[in-house]
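Contents: one structure, followed by commentary.
Throughout, read-outs are computed from the coordinates displayed, never taken from laboratory work. All figures in this text were calculated on a predicted structure; none of them were measured in a lab. Don't worry about glycine lacking a Cβ; one is built from the backbone with ideal geometry, like all the others, and counts go over all protein chains shown.
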Amino acid sequence: MPDKLWYITTPIYYVNGRPHIGSALTTVCCDVLARWHRMRGERAWLLTGTDEQATKVVEAAEKAGVPPLEFVNGLAADFETTWRALHVAYDDFIRTTEPRHIEVVQEIFRRLRDSGNVYKDLYEGWYCVADETFFRDTDVVIQGEQRLCPNPECGRPLQRVQEENWFFRLSAFGDRLLAHIETNPEFLQPEFRRNEVVSFIQQGLRDMSITRSNTGWGIPVPDDPGKVIYVWFDALINYLAATGWPNDQKRYEELWPADVHLMGKEIYVRFHATLWPAMLMALGLPLPKTVYAHGWWVDAEGKKSGKRTGGLPHPIEFAQEIADQSGAPLEIAVDALRYLLLREMQFHGDSEYTQENFLNRYNTDLANDLGNLTNRAVNMVSRYFDGVLPQAGRVEEEIAALARQTAADFEIALTEFRFNAALESAWRLVGRLNRYIEERKPWAQAKAGDTAELAVTLTTCLEAIRVVATLVAPVMPVAAEALWTQIGLDTTVETARWSDASDWGQIQAGTQVPPPTPLFPRIQPRTDKETKPVTEQNAAEQPAEQPTEQPSYITIDDFMKVELRVGNIVAAERLANSDKLLKLTVEIGGAERTVLAGIAEMYTPEEVTGKQVVVVANLAPRKMRGVESQGMLLAADVEGQAILLQPETQVPTGSRVR
Ligand code: MSP
């Protein structure tokens with residue numbers, strides 16, 4: 001028997017609209033799990049795809065005025081491009097209009113008909129096109145003459161359907177399903193959803209109509225071309241069709257049963273946790289090992305956000321927005337979005353989506369916590385050791401133990417699909433390291449000439465960054481690689497194994513650490529209007545020609561009010577009881593003045609003495625820590641660190657800058 005691959009699937013997405021951060025959430029979660037298994041040395045296989053035979057897909061094509069095939073081709077390509085751009089390393093992409101899928105659906109229909117699990121009968125009832133679901137008379141909502149979909153998220157008018165149809169004998173599988181659920185606790189997750197499924201089945205399963213009359217779209221029923229197969233019966237089969245069953249036995253055995261089917265909760269109870277396992281039982285095939293449902297992105301009222309309600313942005317457009325606002329390359333912004341999707345969603349339940357929350361989280365977790373840690377640590381290796389990591393004489397045991405614990409917590413959380421908890425644990429380590437820097441005051445260690453302890457501080461920081469990069473590699477593959485390069489590792493993060501995360505002490509003395517480049521530049525706050533990403537909904541609302549937003553200009557006269565002058569720093573000292581401030585004596589055109597500058601974390605007094613700088617000379621004097629500061633230096637703000645601006649060549653002091 002061939003070695004089994006670790007096989008995970010996303011739902012296949014309806015091609016009646018573009019991908020958004022709802023479908024992206026499921027897809028990224030699956031990708032993270034597949035990447036994680038690969039890092040553990042397993043062969044993982046990720047399947048995704050598109051669901052194209054649905055009535056609502058044809059309706060969307062008609063609405064768009066595009067022939068259905070052309071319409072689905074365009075959207076399927078959109079999904080593929082979007083997932084690739086979102087760094088989703090899928091192994092197979094299945095479309096339900098492909099012959100390999102259609103043939104298997106028809107084969108399964110034939111087999112079930114031959115075994116008596118599918119039979120013909122008269123169907124009379126209601127059909128919801130939006131939900132692609134049949135309902136009995138007793139299930140529907142009555143409103144005057146109208147019958148409405150009982151799904152509270154939908155509530156649309158139903159179609160009356162009365163026709164001879166093929167039925168699947170679902171009622172025969174209730175007891176077997178319950179027995180399987182009982183003996184396989186890992187089958188349906190999370191646990192509270194398993195309970196929902198159990199009560200759904202215990203209420204009694206009815207046979208299910210699995211065909212509709214053929215209106216020119218859908219998979220024809222074998223030997224009954226007037227009918228097409230119900231889209232859910234067809235769609236679920238994609239997971240099996242992609243394995244090559246029943247012809248490619250070798251491939252089938254490598255893949256089936258699936259290890260994980262992951263999806264949103266709306267398609268869990270009826271379809272993935274009941275109908276699909278019953279179909280597999282009827283075929284005599286093994287059931288998937290785990291079927292897991294996550295919650296939704298909801299609005300402030302707790303309603304599902306999506307295409308119907310508007311408001312969920314396209315993932316790449318959102319990433320582009322992050323890139324534009326922060327100045328990060330798109331590849332890094334894409335990884336940032338992957339992090340934000342996983343960090344903001346409470347997987348077991350629903351989570352409110354707002355763009356503001358996402359952008360705030362970007363600034364706090366990525367720009368501040370991880371970005372600053374990396375920038376500070378790497379910068380200090382450049383500054384104090386010319387970019388060559390020194391030999392540390394001892395291991396910082398407390399941090400090493402925390403890192404090992406973090407790796408263990410991260411792993412347990414991933415096993416339980418608690419992606420947010422996994423990331424939270426990694427960020428506890430990041431937070432501890434930022435505090436560690438504050439406690440250890442490497443600038444003071446440098447000043448005191450304590451190279452031995454300074455080496456311990458910086459090695460500990462770089463080692464912890466290596467651990468964090470390893471842990472987040474499945475979530476942010478490109479950013480993890482950038483972190484890897486930042487700390488001077490000459491391998492790639494792709495070669496890292498998962499076990500390396502708990503193996504403290506891999507960074508070697510002598511490692512050449514390049515000067516830092518900010519990985520996640522901060523997003524500067526802007527007005528709500530400016531930050532709103534283009535969703536399908538609001539794209540339609542917007543006129544093609546956008547009136548350009550008026551930036552708030554100042555006049556040249558306003559600018560001229562600021563008196564900028566070149567000065568020479570003639571003396572510098574640390575300010576007692578401040579880690580941040582240096583007290584400088586700056587000579588400007590023959591006059592000396594005292595300037596307090598928040599650059600102590602980046603520069604020692606010795607380093608700045610003798611430097612030419614640009615000073616705001618007419619700033620009102622201000623007392624800080626008992627000392628009057630008579631001006632301000634200009635500096636570039638790089639993730640909260642000040643880098644001094646200097647004239648390109650030496651110029652007379654007091655020269656005006658404009
Ligand atoms: N075609 C079916 C699935 C067939 S699988 C055999 C379908 N497609 S869908 O396009 O509607 O995608 C549903 C999936 O999108 C959900 O499982 C969920 O993963 C995701 N989401 C759509 N809207 C969402 C939110 N608002 N929040 C989170 N995920 C959501 O159903």
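Per-structure values
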read-out: Gain on full stretching of the segment that runs from GLU352 to LEU634 - 0.36 nm per residue minus C-alpha separation; value: 97.4 nm
read-out: Distance in nm between pseudo-label sites at GLU573 and LEU122 (7 Å out along the Cβ direction from Cα); value: 10.3
read-out: Dimensionless Rg over Rh [the chain; C-alpha; Kirkwood]; value: 1.08
read-out: Efficiency of FRET between GLU103 and THR81 - r from beta-carbon atoms, R0 30 angstrom, step 0.05; value: 0.65
read-out: Residues with amide H under 5 Å from that of HIS314, placed H, sequence gap 5 or more; value: GLU536
read-out: Length-normalised contact order for the chain - Cα pairs under 8 Å, 6+ apart - percent; value: 12
read-out: Label point distance in nm, LYS580-ASP248, each placed 7 Å from Cα along Cα→Cβ; value: 6.0
read-out: Contour minus Cα-Cα distance for SER655 and LYS441 (0.36 nm per residue); value: 73.4 nm
read-out: Relative contact order (%) - criterion: Cα under 8 Å, at least six apart; region: the range 6-298; value: 21
read-out: Rounded FRET efficiency, nearest 0.05, which uses the C-beta distance separating ALA448 from LEU330 and R0 of 56 Å; value: 0.80
read-out: For LYS441, LYS304, LYS63, order by how many other beta-carbon atoms lie within 10 Å, fewest first; value: LYS63, LYS441, LYS304
read-out: Cα-based convex hull volume of the range 93-139 per residue, rounded to whole Å³; value: 125
read-out: All aspartates and glutamates inside 19 Å of LYS447 as judged from Cα atoms, apart from same-chain residues fewer than 8 positions distant; value: ASP386, GLU438, GLU439, GLU573, ASP579, GLU601, GLU606, GLU607
read-out: Estimated [θ] at 222 nm from DSSP helical runs (n ≥ 4, -39500 (n - 2.57)) normalised by residues in the chain, nearest 500; value: -12000 deg cm²/dmol
read-out: The range 360-502 - percent relative contact order, Cα under 8 Å, separation 6 or more; value: 30
read-out: Coarse-grained scattering of the range 6-298 at q = 0.08, 0.12 Å⁻¹, given as base-10 log I(q)/I(0) from a Debye sum over alpha-carbon atoms; value: -0.33, -0.79
read-out: Inter-site label distance for ASP3 and SER382 at 7 Å from Cα along Cβ, in nm; value: 4.2
read-out: Proximal aspartates and glutamates relative to LYS250, as straight alpha-carbon distance under 20 Å, when same-chain residues fewer than 8 apart are discounted; value: ASP3, GLU42, ASP91, ASP92, GLU103, GLU107, ASP259
